[in-house]
Amino acid sequence: MANASLIALRIVLVLAGMSVLVTGINVAFGGIRTLGWQGERLFFDVTNETAFLAQDSHVRFLGGLWLGVGLYFIVAATNLAKHRNTLCVVLALVFLGGLARLTQVHPATTFGPRILGSFLAELVGMPILYFWLWRAVPKNRTV
């Protein structure tokens, strides 16, 4: 049974990693405007090109970090014992990012259909993966 749990956990991590990877590429290569893979692209007008380009650079950096998280989920799935502790930290960081969404103070957006799936993945899915990993791969166990 434990073996089936580990296989399922690996599959879930790879699928989550692929999803995160796609959204990371969307932002890393598209900036604030994105590549449009998650919906419409034209949602604002730039009134200060210099300020926009600086913020766009920061958003591309964050997209690159997110892309890295997706890659790490996939890599970690290949050797859960080796990556257990670091993966737990990454899962906790994604959960923290989900909590940060609450600072928007606009419930219609945070709990709306465009955000809700991501929000639930961050605040419900990440803790589930964290505790699943914690139980399925005890410390100092080789899998």
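Listed values for segment 12-19 are Karplus-derived 3J(HN,Hα) couplings in whole Hz (6.51 cos²θ - 1.76 cosθ + 1.60, θ = phi - 60°), namely 4, 5, 5, 5, 5, x, 5, 5, and x replaces Gly and Pro. From the residues His106, Leu96, Pro127, which one has its Cα farthest along the dipole of segment 76-143 in the positive direction, the dipole being from +1 and -1 charges on Cβ of Lys/Arg and Asp/Glu about the Cα centre? Working it through, the farthest residue towards the positive pole turns out to be Pro127. Between Thr34, Val12, Gly117, the Cα set farthest toward the positive side of the dipole of the chain (charges on each charged residue's Cβ, about the Cα centre) is that of Val12.
Applied to segment 75-81, the Karplus parametrisation 6.51 cos²θ - 1.76 cosθ + 1.60 on θ = phi - 60° returns per-residue 3J(HN,Hα) values of 5, 4, 5, 6, 8, 5, 5 Hz, with x for Gly and Pro.
Sites listed here are trypsin sites (Lys or Arg not before Pro) in segment 70-143 whose DSSP assignment is loop and whose Cβ has at most 12 other Cβ atoms within 10 Å: Arg114, Lys139, Arg141. Straightening the chain between Lys139 and Val124 buys 3.1 nm, computed as 0.36 nm per residue apart minus the Cα-Cα spacing. Helix-only arithmetic for the chain: the sum of -39500 (n - 2.57) across DSSP H runs with n ≥ 4, divided by the residue total, places the mean residue ellipticity at 222 nm at -22500 deg cm²/dmol. For segment 100-111, putting each phi into the Karplus relation 6.51 cos²θ - 1.76 cosθ + 1.60 with θ = phi - 60° gives couplings of 4, 4, 5, 6, 5, 6, 9, x, 5, 7, 4, 9 Hz, in residue order, rounded to whole numbers and with x for Gly and Pro. Oblate is the label for segment 62-101. Its Cα gyration tensor axes, ordered a ≥ b ≥ c, give a/c of at least 1.5 and b/c at or above a/b.
With a Förster radius of 35 Å applied to the beta-carbon distance between Val46 and Val22, the computed FRET efficiency rounds to 0.85.
Can you give me the C-alpha center-to-center distance between segment 65-143 and segment 2-18, rounded to a whole angstrom? When both Cα centres are located, 13 Å separates them.
Laboratory data are not the source of any read-out in this text; all were calculated from the coordinates shown. Since we're looking at a predicted model, the values are computed, not measured. All Cβ positions, even for glycine, are placed from backbone atoms using ideal geometry, and neighbour counts span all protein chains on display.
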